[in-house]
Amino acid sequence: MPPTTDDPDLQLLQQRDPDAWEALYRQSYSMMRGYAARRAPAGADPDDLVSEAMARALDRIDTFEDRGMRIRAWLFGVLRHVVLEHIRSSSRSQAVDLDTHEDAGRGPLQTVLHEEESAAVREGFSRLSEDDQELLWFRVVAGLSAAETATLVGRGEGAVRQAQSRALTRLRTTMQEVHP
């Protein structure tokens, strides 16, 4: 018997309401795909990894317990496991994709500046350790809380905040080296 909750969206998900699942998929897709694209082994299709994670989430929604973690954070945990399984079963290579959002009607100059800035961030990001990249992805790009990230990576909340601060410092230093 699934745990009861006062969250009507979670109740709809647990009842496998197709509209609720579609809304969750649409809200989470770009961030999940970006994470999968960055972490996926060579040859793995990020879209397939996200689809597999969503299928597993649907199958396991009854196991979700609201312990202060949003459903979106739980989805990232499912996706993380899917990606790690693919990494274990294939050779590892890295593809960074920090641009998960479309251009928002920028002019030519703004587009060029944005592309240069994005390239600098991607280059700096790619030079970070895998742990730093994953932590920053969850906290900064996906917008997960320190508590949610701590649950996903198996650390304490304080350790996540400290690691994030150190990772951001390393990213700034790396970006200054790459693009002074």
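Tabulated values for the structure
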{"item": "Within region 163-180, considering residues that are open to solvent by 70 Å² or more (accessible area, probe 1.4 Å) and touching a Lys or Arg at 6+ places or on another chain (Cβ under 9 Å), the one nearest to Ala120 (Cα to Cα)", "result": "Glu177"}
{"item": "Condition check for Glu130: under 21 Å from Gln176 (Cβ atoms) and open to solvent by 50 Å² or more (accessible area, probe 1.4 Å)", "result": "no"}
{"item": "Residues of region 33-64 satisfying the condition of being surrounded by 13 or more Cβ atoms within 10 Å (Cβ to Cβ), assigned to a helix (DSSP H, G or I) and of a type in the set (A, V, I, L, M, F, W, C)", "result": "Ala36, Ala37, Leu49, Val50, Ala53, Met54, Ala57, Leu58, Ile61"}
{"item": "Pairs where the first residue, in region 112-139, is at negative phi and the second is open to solvent by less than 10 Å² (accessible area, probe 1.4 Å) and part of a helix (DSSP H, G or I), C-beta under 6 Å, 6+ apart", "result": "Asp132/Ala167; Leu135/Ala167; Leu136/Ala167; Trp137/Tyr35; Phe138/Thr149; Arg139/Thr149"}
{"item": "Qualifying residue in region 9-32 (condition: surrounded by 15 or more Cβ atoms within 10 Å (Cβ to Cβ), modelled with pLDDT of 85 or more and either of a type in the set (D, E, K, R) or touching a Phe, Trp or Tyr at 6+ places or on another chain (Cβ under 6 Å) (or both))", "result": "no"}
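The values are calculated or read from the model by the stated rules, or taken from the named source; none is laboratory data. Everything numeric in this text was worked out from a predicted model, so none of it was measured. In this analysis, Cβ positions are derived from the backbone assuming ideal geometry, glycine residues included, and neighbour counts consider all displayed protein chains. Areas reflect the complete protein model, heavy atoms only, side chains present, ligands, DNA and RNA absent. Shrake-Rupley method; radii C 1.70, N 1.55, O 1.52, S 1.80 Å.
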